[in-house]
Amino acid sequence: SIPSPYFDLAGSPDGSLWVVDPGHHAVRHFSRDGEPLGSWETSSMEISGFGGCCNPVHLAACPCGSLITAEKGIPRVKVYEPDGTLTAVVAAPSDFASTETGLDLATRKANGGEVLVLVPSLRVVRVYVKKEAVVNG
């Protein structure tokens with residue numbers, strides 16, 4: 001279901017294909033031959049879900065198999081395991097203008113793995129690198 005101009009897909013390191021289904025707040029997985037391998041959907045305003053009318057809008061696959069998603073409405077970038085488990089937030093809504101839309105994504109192996117985020121309103125590509133968590137106590 002594609003109710004907006006956003007429809008993205010990403011090739012996985014194993015040769016399979018991941019496709020956004022923004023009308024159902026879902027991500028679908030297909031084999032090279034087009035056979036469905038699975039999917040997950042999380043329609044929710046919570047950080048682990050996809051809110052609004054049609055999210056996610058963009059998708060990128062990491063060499064490790066994780067998936068990066070971008071959303072509109074509440075602009076944010078997140079990392080999921082292939083089963084749909086949220087593992088990290090790359091960029092929060094506070095990182096963007098409230099009206100930001102169309103964040104696009106890519107990944108690269110530099111510096112141990114980077115997420116590249118195109119911010120259309122600023123005409124820039126931001127580079128995000130994983131930080132190690134700091135635990136006090």
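Against the definition (over 18 Å from Val124 (Cβ atoms) and of a type in the set (Lys, Arg)), how does Lys78 come out, yes or no?
Values: over 18 Å from Val124 (Cβ atoms): yes; of a type in the set (Lys, Arg): yes.
It is true that Lys78 is over 18 Å from Val124 (Cβ atoms) and of a type in the set (Lys, Arg).
What are the residues in region 29-56 that are in a strand (DSSP E or B) and open to solvent by 60 Å² or more (accessible area, probe 1.4 Å), if any?
Initially, region 29-56 is screened for residues in a strand (DSSP E or B), giving 29-30, 36-41, 43, 50.
Correct list: Pro36, Leu37, Ser39, Glu41, Ser43.
Report, by residue number, each residue of region 57-86 that is buried (at least 16 other Cβ atoms within 10 Å of the Cβ) and among the polar types (S, T, N, Q).
Once the filter is applied, which keeps residues that are buried (at least 16 other Cβ atoms within 10 Å of the Cβ) and among the polar types (S, T, N, Q), region 57-86 yields Ser66, Thr69.
How many residues, within region 57-97, are of a type in the set (D, E, K, R), closer than 16 Å to Val20 by Cβ and not in a loop (DSSP other than H, G, I, E, B)?
Step one: filter region 57-97 for residues of a type in the set (D, E, K, R), giving 71-72, 76, 78, 81, 83, 95.
Still in the running and closer than 16 Å to Val20 by Cβ: 71-72, 76, 78.
Next, only the ones that are not in a loop (DSSP other than H, G, I, E, B) stay: 78.
Of the residues in region 57-97, 1 are of a type in the set (D, E, K, R), closer than 16 Å to Val20 by Cβ and not in a loop (DSSP other than H, G, I, E, B).
Looking at the structure I just gave you, is Val89 of a type in the set (Val, Ile, Thr), open to solvent by less than 50 Å² (accessible area, probe 1.4 Å) and without any contact (Cβ under 8 Å) to a residue 60 or more places away in the chain? I'd like the intermediate steps shown before the answer.
On the way: of a type in the set (Val, Ile, Thr): yes; open to solvent by less than 50 Å² (accessible area, probe 1.4 Å): no; without any contact (Cβ under 8 Å) to a residue 60 or more places away in the chain: yes.
It is false that Val89 is of a type in the set (Val, Ile, Thr), open to solvent by less than 50 Å² (accessible area, probe 1.4 Å) and without any contact (Cβ under 8 Å) to a residue 60 or more places away in the chain.
Tell me, which residue of region 98-119 that is in a loop (DSSP other than H, G, I, E, B) and farther than 19 Å from Tyr6 by Cα is most open to solvent (accessible area, probe 1.4 Å)? So that I can check it myself, show each step before the final result.
Within region 98-119, the subset in a loop (DSSP other than H, G, I, E, B) is 98-103, 109, 113.
Next, only the ones that are farther than 19 Å from Tyr6 by Cα stay: 109, 113.
Details: Lys109: 156, Gly113: 29 Å².
Within region 98-119, the match that is most open to solvent (accessible area, probe 1.4 Å) is Lys109.
If I go through region 128-137 residue by residue, how many of them are assigned to a strand (DSSP E or B) and either under 18 Å from Leu59 (Cβ atoms) or open to solvent by 90 Å² or more (accessible area, probe 1.4 Å) (or both)?
Initially, region 128-137 is screened for residues assigned to a strand (DSSP E or B), giving 128-129.
If we keep only those that are either under 18 Å from Leu59 (Cβ atoms) or open to solvent by 90 Å² or more (accessible area, probe 1.4 Å) (or both) as well, we get 128.
Residues that pass the stated criteria total 1.
Cβ-Cβ under 6 Å, sequence separation 6+ or interchain: first residue in region 49-61 and touching a residue at least 40 places away in the same chain (Cβ under 8 Å), partner of a type in the set (Lys, Arg) and open to solvent by 10 Å² or more (accessible area, probe 1.4 Å). Which pairs?
Val57/Lys72
The values are calculated or read from the model by the stated rules, or taken from the named source; none is laboratory data. Keep in mind that what you see is a predicted model, and the values were worked out from it rather than measured. Cβ atoms come from the backbone with ideal geometry, glycine included; neighbour counts cover every protein chain shown. These accessible areas exclude ligands, DNA and RNA; they are computed on the full protein's heavy atoms, side chains included. Shrake-Rupley method; radii C 1.70, N 1.55, O 1.52, S 1.80 Å.
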